[in-house]
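Since the structure comes first, as C-alpha cells, the remarks are kept for the end.
The values are calculated or read from the model by the stated rules, or taken from the named source; none is laboratory data. Predicted model only: the values in this text are computed from it and were never measured. A quick note on method: Cβ atoms are made from the backbone with ideal geometry, for glycine too, and the neighbour counts reach across all protein chains shown.
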Amino acid sequence: MEIEKDLEKLIEEIGGEDFQKKVQVCYQCGTCVGGCPVAWVNENFNPRKIMLALSRGEIDEIINNDLLWFCCYCHTCLERCPQKIPVSEIIVKLKNIAAKVRGIPEGYVNELKMIAKTGRISSISSATERRREQLNLPKLVQTSVEKDIKRILKQTGTNLFLEKEIKK
Ligand code: SF4
Ligand code: SF4
C-alpha cells in the first residue's frame, strides 16, 4: 500500500535510525505514566502504552489515535524513565509523523493562527486580567512581535503550513 511506503519513509526521515530501537529497553515499569500530568486527568492517555505499541511496531495505531496530541511536552517521563528512554522526544516525533500523515488537530491550527497574529496562543481575556490582578501579577501588555514571529514562522517552515491552512 502506498501509505505504508510513505509511512516507512516518514519514520526514517523524522524518527531517524534508532527511533524504534530506543524503546526496546522499556520494561513497562510505568514510571512515565505515574508522573505524567496528562495521565492524571485523562486515564486514557498513557505514555507507557505508547512505548509498548512503538516497540511492537504499531505506529499506525499510535498516529491514528488522537490521544497522542494530549502530551503537553513537559518532559517528566524523559526525566524519570529508569531506562533513560527519551519518551517525550519520541512522542514529538510520533506527532510529527502523524501531522504529515493525517494533519494536525484543528485546535492546534487555530493556536498557530493566533500565534502568527499576536504572538500568543489565545487572546488576553478580561477573566485573565482579573485573575492576574488577584494574584498580584503585572498587567499583560500587548507588544509588537510581528517581525520576530514572522522570522520564527519562516525559519521553521510554519508559514508555508499556515498559508495552506488559510486557503482551505
Ligand atoms: S518509564 Fe521508561 S522503562 Fe518504564 S514504562 Fe516508561 S518508557 Fe518504559
Ligand atoms: S512529556 Fe507528555 S507523556 Fe511525558 S509526562 Fe509530559 S505530558 Fe506525559
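If you check V41, V25, which single one turns out to be under 16 Å from R80 (Cβ atoms) and β-branched (V, I, T)? From the options V41, V25, the qualifying one is V25. Within the range 99-116, none of the residues are surrounded by fewer than 17 Cβ atoms within 10 Å (Cβ to Cβ), more than 20 Å from F161 (Cβ to Cβ) and polar (S, T, N, Q).
Working only within the range 34-55, note down all residues that are touching a residue at least 24 places away in the same chain (Cβ under 8 Å), of a type in the set (A, V, I, L, M) and near ligand 2 (Cβ under 9 Å from one of its atoms). Within the range 34-55, V38, I50 meet the criteria. Count of the range 144-157 residues, restricted to those that are outside any loop (DSSP other than H, G, I, E, B), under 24 Å from the mean Cα position of the chain (by Cα) and loosely packed, with under 10 Cβ neighbours inside 10 Å, is 1. Residues in the range 117-139 that are of a type outside the set (V, I, T) and either in contact (Cβ under 8 Å) with a residue 40 or more places away in the chain or surrounded by 11 or more Cβ atoms within 10 Å (Cβ to Cβ) (or both): K117, G119, R120, S122, E129, R131, R132, E133, L137. Just one of (1) within 16 Å of ligand 2 (Cβ to nearest atom); (2) modelled with pLDDT of 90 or more; (3) farther than 20 Å from G157 by Cα fails for E61. It is (1). Within the range 56-93, the residues that satisfy the criterion of being within 14 Å of ligand 1 (Cβ to nearest atom) and either in contact (Cβ under 8 Å) with a residue 60 or more places away in the chain or outside the structural domain of Q28 (by TED's automatic domain parsing) (or both) are I85, P86, I90.
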